[in-house]
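J.: Would you mind keeping the following structure in view while I ask a few things?
Values in this text are rule-based calculations from the coordinates and carry no lab data. Treat the numbers as computed from the prediction; the structure is a model and nothing was measured. Glycine also receives a Cβ, built like all others from the backbone with ideal geometry; neighbour counts cover every protein chain displayed.
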Amino acid sequence: MKILIIDYGLGNLASVRRAVEECGGDPLVSALPADIARSSHLILPGVGAFADGMSLLRERGWVEPLKAAVRDDRIPLLGICLGMQLLADRGDEGGESDGLGLIPGVVERLRPAGAEERIPHVGWNAVRQVRPDALFTGIPDETDFYFVHSYAVRPADASVVIGMTPHAGGFVSAVRSGSAHGVQFHPEKSVPAGFTLLRNFLAV
Amino acid sequence: MLKRRVIPVMLWKDIGLVKGVGFDSWRRTGTILPQIRVYNLRCVDELILLDIGATAEGREPDYETIRDVAPECFVPLTVGGGIRTLEQVGRLLLAGADKISINSEVYSNPGLITAIARRYGSQCVVVSVDVRRTADGYECFRHSGSLATGIGPVEWAIEAERRGAGELLLTSIERDGTMTGYDLELVKAVSDAVRIPVIAGGGAGTFEHLHDALVCGGASAVAASSMFHFTQQTPLEAKEYLAARGVPVRRFAVSGERRTNR
């Protein structure tokens, strides 16, 4: 079975593909929703604005197949950065837009909590593991991961939150709801801890 | 707390990597892929790869090379040199760049900053600003430092931020390659003027220089090249030094095997 890396025209697909290979997975970068059928895991990467991401997912026919795969077939999905944000119900970056609705909540722009803080939040920051999750197996609490974003998910239900990061008053940096996982940071660019997290996801 | 970053810069000209002094007198320093692999092991926070010949030669970015090397980089990679259009940015991001750095083109076409920020998010737009001291203060230069722009770095930094830049890479042309320390006055003036992260560049020679740019200059990150190419100092040791002096740097687990690479 393949590790499907969803190609919807945005995001750093080559890096994610290389990272999956390094982590022992068999990646398939695909623009065809039908490839979900031969995949054990789905990865939704993404760099860019929320509205563009959703309109590309819609145009290329991913929205309903993804929802069905995650909700009904329980195929593990990992959203990375914008990919995590697209799991939410709604976002307003680049114009208000509905998301995939796999994680109840909205995507909001980060607001600096003090004079020292800058947005976009770019760089290495700690992830506090607020809830034990298989995604964090073997990763010490407060490990630094690489972030580059201006928006973050505010889930409607606190029970989906598994990681928090101390910037902009504290934002949600990792979520899991059923088989839908999301990380705001870039595991594929956070060697070595990020590769541990990817291996954990491939083991889900 | 967000960690301060140490970022090696790889300058690429013709077929290999180079390093000069004052944007001139280039010396060969190797090829791209082996350097990326070493920097992966040394736990650098990011890498910047600049094609310094592209604009001068009127070339487009070399997408093939980026496609070959970027996926091997397991930390964020910023790619710059020769970028003039939104379409080129899209191709570089697809080739594996995490962020792009733009410089010469945006002085005459600052709307490109906004266009990239709108399409791909401001976090992937690094505006690179090369600065010389002049009789009246400081002035920005484009085309690898060869053409004066008539605008000062503080004014330009504010404009770039307003247009949607996510970060600034601020390089002192006089200090470049000298290893005599960053131009702290310049770093502080620009860092104080904007709220986006400023990467200080040009002049790093010792770990103390890195410390001073971060602590006294207020930079969010330090770029360095000569000190990593031409001295025994490594990025890993730099971060140990910074941590010991109370600068928040990335915490990382380093295996015994990697330690021996020092």
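J.: For A:Arg90 and A:Arg71 in the same chain, what is the full-extension length gain: residue separation times 0.36 nm, less their Cα-Cα distance, in nm?
T.: Computed gain between A:Arg90 and A:Arg71 is 5.1 nm.
J.: How many Cβ atoms of partner chains, on average, are near each residue of A:40-50 if near means within 10 Å of its Cβ?
T.: On the way: counts 0, 0, 0, 0, 0, 0, 1, 8, 8, 6, 1.
The mean count of partner-chain Cβ atoms within 10 Å per residue comes to 2.
J.: Order these peptides, A:151-159, B:215-223, by their mean beta-carbon neighbour count within 10 angstrom, highest first.
T.: Peptide ranking by packing, descending: B:215-223, A:151-159.
J.: Still on this structure, please answer the following. Please list, in order along the range B:5-12, the HN-Hα scalar couplings obtained from phi with the Karplus expression 6.51 cos²θ - 1.76 cosθ + 1.60 (θ = phi - 60°), rounded to whole Hz, x for Gly and Pro.
T.: 10, 10, 10, x, 10, 10, 9, 10
J.: Hey, can you rank B:156-163, B:227-234, A:110-117 by average C-beta count inside 10 Å, highest first? Provide the component values of the computation, followed by the final result.
T.: Values: B:156-163: 19.5, B:227-234: 16.9, A:110-117: 11.8.
So the peptides B:156-163, B:227-234, A:110-117, ranked by packing, come out B:156-163, B:227-234, A:110-117.
J.: Once you sort the root eigenvalues of the Cα gyration tensor of chain A as a ≥ b ≥ c, which label holds: rounded (a/c under 1.5), prolate (a/b larger than b/c) or oblate (the other case)?
T.: Values: a/c = 1.55, a/b = 1.19, b/c = 1.30.
Cα axes put chain A in the oblate bin.
J.: Another question about this same structure. Report the net charge of residues surrounding B:Tyr107, where surrounding means a beta-carbon distance below 14 angstrom and charges are Lys +1, Arg +1, Asp -1, Glu -1.
T.: -2
J.: With the cut-off at 1.5 for a/c, could you classify the range B:5-259 from its C-alpha gyration tensor as rounded, prolate or oblate?
T.: Because its axes are fairly even, with a/c under 1.5, the range B:5-259 counts as rounded.
J.: Right, something else. Can you list the residues, at least 5 places off or on another chain, whose amide H is less than 5 Å from the amide H of A:Phe171, using H built in the peptide plane?
T.: The list, which skips near neighbours in sequence, is A:Thr165.
J.: Separate question: Please work out the C-alpha center-to-center distance from the range B:127-146 to the range A:32-51 and express it in whole Å.
T.: Distance between centres, Cα-based: 44 Å.
J.: Moving on. How much of the DSSP beta bridge set in chain A is antiparallel, as a percent to the nearest 5?
T.: Here the antiparallel bridges make up roughly 60 percent for chain A.
J.: Averaged across the residues of A:122-134, what count of C-beta atoms belonging to other chains lies within 10 Å of each residue's C-beta?
T.: For this peptide, the per-residue mean of nearby foreign Cβ atoms is 4.
J.: How big is the gap, in Å, between the Cα center of the range A:92-136 and the Cα center of the range A:137-160?
T.: 7
J.: Under the rule of at least 5 residues apart or a separate chain, name every residue whose amide H is placed under 5 Å from the amide H of B:Arg5.
T.: B:Ala221, B:Val222
J.: Taking +1 at the Cβ of each Lys and Arg and -1 at the Cβ of each Asp and Glu, which of B:Ile102, B:Ala148, B:Met227 sits farthest along the dipole of the range B:5-259 towards its positive end, judged by Cα position relative to the Cα centre?
T.: B:Met227
J.: A further question follows. For the range B:171-219 and the range B:1-35, what is the separation of their C-alpha centers, rounded to whole Å?
T.: Each part's Cα centre sits 17 Å from the other's.
J.: For peptide B:1-9, how many partner chain Cβ atoms fall within 10 Å of a residue's Cβ, on average? Walk me through the numbers before you get to the answer.
T.: Details: counts 8, 14, 6, 2, 4, 0, 0, 0, 0.
Mean inter-chain Cβ contacts per residue within 10 Å come to 4.
J.: In addition: For n ≥ 4 DSSP H runs only, could you compute -39500 (n - 2.57) per run for the protein assembly as shown, divide by its residues and tell me the 222 nm figure to the nearest 500?
T.: -8000 deg cm²/dmol
J.: To continue, here is another question. Karplus couplings for the range A:62-78 from phi (6.51 cos²θ - 1.76 cosθ + 1.60, θ = phi - 60°), rounded to Hz, Gly and Pro as x?
T.: Result, rounded to whole Hz: 8, 4, 5, x, 5, 4, 5, 4, 7, 6, 8, 9, 6, 6, x, 10, 10.
J.: Any idea what the dipole of chain B comes to, in debye rounded to 20, about its Cα centre with Lys/Arg Cβ at +1 and Asp/Glu Cβ at -1?
T.: Roughly 760 debye for chain B.
J.: Another question about this same structure. So which lysines can B:Lys3 reach, going by Cα to Cα under 20 Å and dropping same-chain residues fewer than 8 places off?
T.: Excluding near neighbours in sequence, the set is A:Lys189, B:Lys99, B:Lys188, B:Lys239.
J.: Let me ask another. Residue by residue through the range B:235-240, which ³J(HN,Hα) values in whole Hz follow from phi under the Karplus form 6.51 cos²θ - 1.76 cosθ + 1.60 (θ = phi - 60°), with glycine and proline marked x?
T.: Karplus-based 3J(HN,Hα) across the range B:235-240 equals x, 5, 5, 4, 6, 4 Hz.
J.: Roughly how big is chain A's charge dipole about its Cα centre, with Cβ charges of +1 (Lys, Arg) and -1 (Asp, Glu), in debye to the nearest 20?
T.: Around 220 debye, computed over chain A.
J.: What are the residues whose amide H is under 5 Å from the amide H of A:Val29, where those residues sit 5 or more places off or on another chain and H is modelled from the backbone?
T.: For A:Val29, whose amide H was placed from the backbone, the distant partners under 5 Å are A:Ile5.
J.: Treating only the Cβ atoms of Lys and Arg (+1) and Asp and Glu (-1) as charged, compute the dipole magnitude of the protein assembly as shown about its Cα centre; round to the nearest 20 debye.
T.: Computed charge dipole of the protein assembly as shown: roughly 740 debye.
J.: What list do you get for B:Val187, B:Val18, A:Val130 if you sort them by fewest beta carbons within 10 Å?
T.: Sorted ascending by nearby Cβ count, the order is A:Val130, B:Val18, B:Val187.
J.: What list do you get for B:Lys239, A:Lys2 if you sort them by fewest beta carbons within 10 Å?
T.: A:Lys2, B:Lys239
J.: Right, here's the next one. Among residues other than A:Leu135 whose Cβ falls under 11 Å from its Cβ, what is the net charge (Lys/Arg +1, Asp/Glu -1)?
T.: Overall, the nearby charge balance is +2.
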